[in-house]
1. Along the positive direction of the dipole of segment 2-414 (beta-carbon charges: Lys, Arg +1; Asp, Glu -1; about the Cα centre), which of Thr260, Met374, Thr394 reaches farthest?
2. Can you sort Ser421, Ser194 from fewest to most other Cβ atoms within 10 Å of each residue's own Cβ?
3. What full-extension length gain, to one decimal in nm, is calculated for Ala38 and Arg232 as 0.36 nm per residue of separation minus the Cα-Cα distance?
4. Can you put Cys403, Cys233, Cys365, Cys304 in order, fewest other beta carbons within 10 Å first?
5. Principal axis lengths of segment 101-226 from Cα atoms, whole Å, largest first?
6. Between Ala111 and Ser241, what FRET efficiency follows from the Cβ-Cβ distance if R0 is 22 Å, with the result rounded to 0.05?
7. Given a Förster distance of 45 Å, report the FRET efficiency between His316 and Arg420 from their Cβ-Cβ distance, rounded to the nearest 0.05.
8. Between Ala338 and Ser129, what FRET efficiency follows from the Cβ-Cβ distance if R0 is 35 Å, with the result rounded to 0.05?
Amino acid sequence: MTVGSVEVPVPVTLEDVGDGAPPRPTMRLDPHQPFFSAHVHDIYRGLVQEHPVAWSTTNGGFWMLTGYRPVYEATRDDALFSTSAGVGLPRDGEGAALPPGTGPIPIEIDAPQAQQFRKAALGPLSPRSVAALEPVIRRMTDEFVDEFVGTGRADLVQQLTTPLPARVTLHLLGLDESRWAVWVSWIHAIIHGSSAEGQAALGNVVTHVAAAIRERTADPGGSEDLLTAITRCQVDGRTISFEEQVRYVFLILLGGMDTTSGLTGNTLIHLGRDEALRQRLTDRRDLLATATEEFLRIGTPTQCQMRTLSRDAEFHGQRMHAGDRALLMWAAANRDPAEFPDPDVVDVDRWPNRHMAFGVGLHRCLGSNLARTMFRVMIDAVLDRLPDFRLLVTDVPRFDDACNVWAPTSLPVEFTPGPRSAGRGR
């Protein structure tokens with residue numbers, strides 16, 4: 001397929017599906033394969049403009065929604081596009097990673113119970129609560145930067161963007177922050193690893209989360225952290241079950257230990273390649289608010305989530321059937337030129353910026369306030385303490401499987417060595 005002068009490496013054919021239905025744009029595209037990660041935005045560019053609703057024959061068959069309007073409308077129609085059957089696309093040749101009813105919640109709960117589940121996290125993750133946590137986030141960030149700032153070299157993904165969100169997430173849950181690396185290894189295996197690796201890691205996560213919940217329930221003390229809030233969550237007048245509590249904490253860990261790192265790593269790549277933009281943000285920190293939204297749009301880490309059709313329906317000119325799976329491609333929609341002029345350009349003055357990096361509607365990301373704050377703090381620290389950093393690689397290595405999170409695995413840089421943070425007043 002070719003759009004203008006851009007070649008998109010995914011052939012699309014119009015398939016006659018019979019019964020008077022319109023031809024179905026059909027392709028063979030497996031978003032779990034390295035090919036997808038390597039060509040992700042070229043693939044989106046072609047599909048958004050030519051086939052914003054298309055059918056892929058891989059992974060058991062699924063609809064791929066890439067245009068802004070289809071993605072937005074599907075996200076707002078929770079009755080038609082259900083999450084209860086799971087939000088992750090199974091790998092080709094495999095069943096669901098988690099059987100229905102065992103995955104993370106509340107994202108895999110439909111209305112009206114989903115709203116009740118979400119209430120438990122709204123307080124600890126509110127703008128006010130996150131603002132109160134910001135000094136702690138800044139202190140942690142400085143501690144991580146202190147470990148390498150005097151050397152003149154670092155891997156910003158391995159030494160900053162990965163450990164900081166993981167440690168903050170454990171802090172928020174009231175768990176042992178020093179074990180962040182172990183938790184990250186498990187979460188990365190679940191999201192990016194093979195089926196066997198993911199299942200083994202999931203067993204470790206469930207075991208340790210269950211133990212933490214039992215300990216907290218037996219002796220809550222004066223704890224007011226997110227874990228305690230989850231153990232007290234009420235739905236339909238009952239305290240949610242122990243299994244539901246485990247699934248809830250699992251969602252917090254999934255959301256907290258991969259996506260913000262991906263966003264920040266994607267952004268640092270842009271800043272490493274665009275010295276003028278980096279200097280502008282260094283000089284104009286007041287632009288960080290709008291810049292954050294633009295980097296969320298251009299470097300969306302969470303590429304997509306799956307929904308399942310609850311009934312037969314006509315949707316954007318295509319006949320869909322009950323039980324069909326639809327992959328809502330947030331990252332593709334965020335580059336739709338019908339919504340974002342010059343979508344491949346980083347414009348930190350872009351406003352309004354109605355990106356969907358956090359999703360929309362009922363299942364909008366619970367941790368969006370925390371993610372924005374952690375991101376700004378890390379970018380602030382890099383601009384302050386490593387202002388002349390230089391990328392040491394041209395091709396930045398990424399996770400092979402970008403279906404869930406598109407993120408670099410490493411970002412080696414060099415810079416002028418600087419002092420530790422003592423006396424910085426943070």
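Bear in mind these aren't lab numbers, they're just calculated from the coordinates by the rules spelled out. From a predicted model like this one, the values you see are computed outputs, not experimental measurements. A quick note on method: Cβ atoms are made from the backbone with ideal geometry, for glycine too, and the neighbour counts reach across all protein chains shown.
1. The residue sitting farthest along the positive end of the dipole is Met374.
2. Ser194, Ser421
3. Stretched out fully, the Ala38 to Arg232 stretch lengthens by 65.5 nm.
4. Cys365, Cys233, Cys403, Cys304
5. 52, 40, 30
6. FRET efficiency, Ala111 to Ser241: 0.65.
7. Result of the calculation: an efficiency of 0.20.
8. In this case the efficiency is close to 0.45.
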